[in-house]
Amino acid sequence: MNTRTNLRYPNFFHLYPLVVLLFLFSCKEETLEANTETNDIEQILTVPTEDAFPQNSILTTEKEENTFPIIANGVASDLLVSESDYPGVKRIAGIFQKDLGNVSGNEPELIFGNTHQSNNLIIIGTVGQSTVIDHLVEEGKIDVAELEGKWEQFSITPVQNPIEGVDNALVIAGSDKRGTIFGMFDLSEQMGVSPWYWWADVPVKVRKNIYVKPDTYTLGEPKVKYRGIFINDEAPALSGWSSEKFGGFNKQFYEKVFELILRLKGNYLWPAMWGSSLWDDDPETAPLANEMGVVLATSHHEPLMRSHVEWNRYGEGPWDYDKNQEKLQDFWRKGMERTQGQEKVVTLAMRGDGDEAMSEGTNIELLEKIVKDQREIIKEVTGKPIEETPQVWALYKEVQEYYDKGMRVPDDVTLLLCDDNWGQVRVLPALDSKPRSGGYGMYYHFDFVGGPRSYKWLNTTQIERVWEQMNLTYSYGVDEIWLVNVGDIKPMEFPISFFLDFAWNPESFSAEQLPNYYTIWAQKQFGAKHAQEIGEIIALYTKFNSRRKPELIEPNTYSLQHFNEAENMVEDYKTLVERAKKVKEQLPTDAHAAFYQLVQYPVETCANLNEMYVAAGKNRLYAFQNRASTNFYADKTKKLFFKDAEFTSYYQDSLANGKWNHMMSQTHMGHISWNDPAFNKMPSVSFIQSGKEANLGYVVENGISRSQWMPSGLNSRSFSTFDPINDQKYYVEVFNMGEEKLTYTITSENDWIQLSSKGGTIQYDEKVFVSIDWNKAPKGKEVGEIVIKADNSEGGTKVSVPIRNNLAENIKGFVANQGIVSVDAVNYQNAKETAEVSWQTIPNLGRTGSAITTMPATAPKQNPNNDGPYLEYEIYLLDSGTYNLTTYFSPTLNFQKDEGLIYAVSIDGDNPKMMNLHKDALAADWTYPEWWNEAVKDNIMTQSVLEKELSEGAHTIKYWAVDPGLVLQKMVLQKEGANAESYLGPPESTLIK
């Protein structure tokens, strides 16, 4: 029997081990059937059992020889921190003390000093700052050679008889302040305190016994120096919440933010800036950040540590350096003076007031003067050489044009490169670029206000896309700053975790491990028992959301006429909702609030929203078809619209006793431009006045229309051809056009035609599925028929059922259906690699399946010939004719600013045809050209690559790698005249192996 592969989404979590085994057994020389690389991260990302720690963890619940008891019989060991250590270390030690108390049930004692009488003691300190740690080094009790001169590194080591009166100690030592802090928080997370324990109400895992194995543990230095988040577009959600809970964006609010960043091993923050200033609103906030170790900076349009709103409060004259140089310099100087002595990264240059372009033109000379004058201010205020103050120039939006046209800044200034606000990096340094002492950074987005429409309600980001683009970024030497715009923080918990985990060591994350990351993250929040199921739910809802962001969905987004696309999408979401509810029922009660925030709410609300838009789409289509159900779907649209408000009300009013009021108040329905509507708006619907008497109408799936103006399938007199390989099951949808109920029958005199029903009585609509019993079907080409008849009418309507039962027996490959062959790019039959280029599957990336790219991301341009790397796809056409091949790529910008990213395709041994994905889109124009608008809205770039006369029978398509950085999702070969109009494109064709 043939094997069908047209799944709506991949169950890659279960198939992944099989893929690895197939690879190990099938790799031969340079031709392979699967390509999978392993990485040491597999040892790190190990899912433990419910009560045990991972096998490779430094922690265990069993007392063994030379293990150190962090907690024994519910009693936590006391803590010792030297009085000489950093105030921030001592402050975090107090938080760590509470973590130990929450895990054990008994809070230990925290001692600030150099001695303590105890059998077991946790000693915490910074090398060179803690007299206790330095004493242990002098006595040869610990070796800190690995920490000396390092950035944010820590080590955790059990030590016997460390100081007088102490039998055993666990020493947490840091190379610097943040290294020590990260050591404490890393241990907290391993014990069972999620970084999201407060921000998402994740319950702390209580344990009676926790021991540390007798080994030295370290994560090494982070690979990216500054790793952080940008709180942005914070009204009305975060601003309303913080005002109610803290009185605004003050010290109390930011203390929670700083702790979160540090628990996630980040170190960098752009604070909320619309209508607020971290430095001016509460003067105690910035000193607190400096104490705790969070590096503050200002956003891309806020120079020299001054918030945008402060110019409105204190500025005099226009925000124009040509006309108001003296006042602007004084304004900036005050920003440097008030942050003197605080760790920071200083934003340089200037944009227009209110996050706009500075001018219509590109005045390089003026901007270079501004940077020169700003650096003089920095040098004067700090009294230090200018290169000792970290500075950054953000190449955001139109500022990129200054760089493209030749403007440069001194090498000690970090160039902060940017994505396009939608997750595609705009430009990366050339591989042969001269090294810069200030290096490069990347400003990325999970949230955005701007064109073509804003998106900031819920998480719509696939971590696979983040991995692909940030791996590309890191491969091109961008490792000074990784910053991501997270909007209100709350809806972005999962991708924030991934972004900062990835930033610590991009080299440790392979694409193959991405499915496992979901499971590991879920396990950290909810335990191991349901971790895989929760991980799959998160992976699928983010996949569904990334297809098209909620703010961009419309009633006609998903097709109601082809491939059951809209109905499948609704059902997939409903299935996900049921899975989420089932998991919640099995979780302990104290985990329900966290589960609702992190899993159930985004799944339920997005399922509801998508169903609402499909209902509105049906209302519009059915009004055209005069269906009685038109009004039903108008009412359903309204019901689902107000159901959305119920979800929001529960989240804000009832969840966690109202802790998160305002947090889901971002509007997310009714967008028509980049500017958010003031309120959620229901899609428009219409009502009809149908006749009283029942009246039959019908739609034939994949039906042949009687005229060009008629929607496909409406009142068709024939199905498309059935064949035994595709074994089609098409529906005829019978609908009523009157108020009274309709009784109808569907019959056939052909015993080989199978009907799922022979009729019934309906108020609105009903689908009857038609299929073929191939054991009874005549050979060759034949036409049967079904008869659709309403009981209240004479005669009936005949619909032809054509079959083709004379196909060759040696068919192999992806088989055409109704003139269409659709292939997921990862399902190639053969592949060729070279010494320079290998193929990399990125599981789950894309709108329907997975995606494939080349590695390394820095590979040189390849020549598409017999020695070049390619993927090969075997297909089989059932009809001769003219066929067009279309490629589907993840949106990608021309990040090297050259002729564009090149690939090649060929069919049946023809010379490869070179294609430029950016032929008509060479500029990454920040003014949103139409090609870019469509690419980011659809989250896909398609390209028609060739047209060719092809015969019935077997053919081979080859996709040739030329440039790195292209991510292929699927290819569709379509016969002229075949109708495949849909949002996601045709589902994958049947594969015969």
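The values are calculated or read from the model by the stated rules, or taken from the named source; none is laboratory data. This structure is a prediction, so every number in the text was calculated from the model and none was measured. In this analysis, Cβ positions are derived from the backbone assuming ideal geometry, glycine residues included, and neighbour counts consider all displayed protein chains.
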_Matching option when the condition is assigned by TED's automatic domain parsing to the domain that holds Phe642, of a type outside the set (D, E, K, R) and surrounded by fewer than 22 Cβ atoms within 10 Å (Cβ to Cβ), among Ala623, Ala607_ = Ala623
_Close pairs (8 angstrom Cβ cut-off, 6 or more residues apart or separate chains): in the same structural domain as Lys970 (by TED's automatic domain parsing) in the stretch 829-846, among the basic types (Lys, Arg) and assigned to a strand (DSSP E or B) anywhere_ = Gly846/Lys970
*Among the residues listed as Glu50, Glu42, the single one being outside the structural domain of Ala831 (by TED's automatic domain parsing), surrounded by fewer than 16 Cβ atoms within 10 Å (Cβ to Cβ), modelled with pLDDT under 80 and closer than 30 Å to Ala831 by Cα*: Glu42
*Yes or no: Asn933 out of contact with any strand residue (DSSP E or B) (no Cβ under 9 Å at 6 or more places or on another chain) and either at pLDDT 90 or above or under 23 Å from Thr557 (Cβ atoms) (or both)?*
yes
*asked:* Checking Ser433 against (1) within 22 Å of Pro495 (Cβ to Cβ); (2) surrounded by fewer than 23 Cβ atoms within 10 Å (Cβ to Cβ): exactly one of these is not met. Which one?
replied: (1)
*Would you say Met350 is buried (at least 22 other Cβ atoms within 10 Å of the Cβ), of a type outside the set (Val, Ile, Thr), closer than 25 Å to Arg227 by Cα and out of contact with any Pro (no Cβ under 7 Å at 6 or more places or on another chain)?*
no
*Residues of the stretch 286-328 being of a type in the set (Asp, Glu) and either buried (at least 17 other Cβ atoms within 10 Å of the Cβ) or in contact with an Asp or Glu (Cβ under 7 Å, 6 or more places away or on another chain) (or both), which ones?*
Glu291, Glu302, Glu310
*Just one of the numbered conditions (1) over 22 Å from Trp274 (Cα atoms); (2) out of contact with any Lys or Arg (no Cβ under 8 Å at 6 or more places or on another chain); (3) in a loop (DSSP other than H, G, I, E, B); (4) not basic (Lys, Arg) is not true of Glu401; which one?*
(3)
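Kindly indicate the residue of the stretch 540-560 that is closer than 16 Å to Ala615 by Cβ and not hydrophobic (A, V, I, L, M, F, W, C) and also surrounded by the most Cβ atoms within 10 Å (Cβ to Cβ) among those meeting that condition.
Top of the filtered list is Tyr558.
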*List, please: which pairs have Cβ atoms under 7 Å, are six or more places apart or on different chains, and start with a residue in the stretch 204-219 that is of a type in the set (Phe, Trp, Tyr) and end with one that is surrounded by 17 or more Cβ atoms within 10 Å (Cβ to Cβ) and part of a loop (DSSP other than H, G, I, E, B)?*
Tyr211/Thr67; Tyr217/Ile58
_Only one of Leu170, Leu147 that is under 22 Å from Asn73 (Cα atoms), at pLDDT 95 or above and of a type in the set (A, V, I, L, M, F, W, C)_ = Leu170
*Which is surrounded by fewer than 20 Cβ atoms within 10 Å (Cβ to Cβ) and either at negative phi or at pLDDT below 95 (or both), of Asn516, Asn505, Asn471, Asn485?*
Asn505
*asked:* Please go through the stretch 805-819 and give me each residue that is at negative phi and either hydrophobic (A, V, I, L, M, F, W, C) or crowded, with 16+ Cβ neighbours inside 10 Å (or both), ordered by number.
replied: Asn805, Leu807, Ala808, Ile811, Phe814, Val815, Ala816, Asn817
_Residue under evaluation Asp167, criteria (1) crowded, with 24+ Cβ neighbours inside 10 Å; (2) in contact with a strand residue (DSSP E or B) (Cβ under 6 Å, 6 or more places away or on another chain), criterion not met_ = (1)
*Selected residue (criterion: nearest to Gln525 (Cα to Cα)) from residues of the stretch 170-205 that are crowded, with 24+ Cβ neighbours inside 10 Å and among the β-branched types (Val, Ile, Thr)*: Val202
*Quick one: Thr347 ticks every box in (1) in contact with a strand residue (DSSP E or B) (Cβ under 9 Å, 6 or more places away or on another chain); (2) over 17 Å from Asp373 (Cβ atoms) except a single one, so which number is it?*
(2)
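Taking Val603, is it out of contact with any Pro (no Cβ under 7 Å at 6 or more places or on another chain), more than 25 Å from Lys681 (Cβ to Cβ) and part of a helix (DSSP H, G or I)?
No; evaluated as a whole, the condition is false for this residue.
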*In the stretch 535-556, how many are more than 16 Å from the chain's Cα centre (by Cα) and more than 30 Å from Asn675 (Cα to Cα)?*
0
